[in-house]
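> Just passing along the structure, written as structure tokens.
Values quoted throughout were computed directly from the atomic coordinates according to the rules given, and no laboratory measurement underlies them. The shown structure was predicted, so the numbers you read here are calculated from the model rather than taken from an experiment. A quick note on method: Cβ atoms are made from the backbone with ideal geometry, for glycine too, and the neighbour counts reach across all protein chains shown.
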Amino acid sequence: MYGRYGSQYGLDSLTKFILILSILFNILIITNFIPNKFSTINYVLIILLYHRLFSKNIPKRYAENQKFEALTKDFTRPFRRFYKNISDREYKYFKCPNCNQELRAPRRKGKIMINCNKCKHKFQVRT
Ligand SMILES: [Zn+2]
């Protein structure tokens, strides 16, 4: 594994995405939800997965993942905020209703007024 992408970066976002997609496809085929002929797609996904993990062209694989993360950023943001909100005991995370800027405030302060640091919009949040 030395000098391979997978040994340096492990399961990055793009690799994880391909892995989840492959598992989903497997379930859909096993449960006959989609015809068996689509299993070819699953093989392609598995080949892609191994290709990424064992690739020696680390900068290229890294760049692909960066591109993937940039493309999926807007879609994954609410999930990442949700995860932060359930895992962080110190801060509460939310977005500005005016400009969608990601903000955080210390917990257990009751209802507080927030001044968005990007657009200066004022609004109330319950911490
Ligand atoms: Zn704002």
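> Assuming R0 = 25 Å, what is the FRET efficiency of LYS118 and GLN8, from their Cβ-Cβ distance, to the nearest 0.05?
Details: r = 35 Å, r/R0 = 1.40.
Efficiency computed from Cβ-Cβ geometry: 0.10.
> As I understand it, the value is the acute angle between the Cα axis of helix 39-53 and the longest principal axis of the Cα atoms of the chain; what does it come to in degrees, rounded to 10?
Value to nearest ten degrees: 70.
> Beyond a 26 Å Cα-Cα separation, which of these cross-linked pairs lie in this structure: LYS73/LYS111; LYS16/LYS56; LYS16/LYS73; LYS84/LYS109; LYS56/LYS84?
Numbers: LYS73/LYS111 30 Å; LYS16/LYS56 19 Å; LYS16/LYS73 15 Å; LYS84/LYS109 18 Å; LYS56/LYS84 34 Å.
Correct reply: LYS73/LYS111; LYS56/LYS84.
> Now for a different question. Segment 1-76: Rg/Rh from Cα coordinates, Kirkwood Rh? Can you show the working numbers first?
On the way: Rg = 13.9 Å, Rh = 13.3 Å.
Radius of gyration over Kirkwood radius for segment 1-76 works out to 1.04.
> Would you mind calculating the relative contact order of the chain from Cα pairs under 8 angstrom and at least 6 residues apart, reporting the percent as a whole number?
19
> A follow-up question, please. So, in nm, how far is label VAL125 from label THR40 when the simple model puts each one 7 Å beyond its Cα toward the Cβ?
Simple spin-label model gives 5.0 nm for this pair.
> Output the peptides 26-36, 64-74 sorted from most to least packed, where packing is the average of other Cβ atoms within 10 Å over each peptide's residues.
64-74, 26-36
> Checking a compactness column here: for segment 88-127, what do you get for Rg(Cα) / (2.2 N^0.38 Å), N being the number of residues?
Dividing the Cα radius of gyration by 2.2 N^0.38 Å gives 1.08.
> Let me ask another. With axes computed from alpha carbons, what is the tilt in degrees of helix 13-30 against the longest principal axis of the chain, rounded to the nearest 10 within 0 to 90?
60
> Pairing the Cα long axis of helix 58-87 with the longest principal axis of the chain, what angle in degrees results, from 0 to 90 and rounded to the nearest 10?
The answer is roughly 50 degrees.
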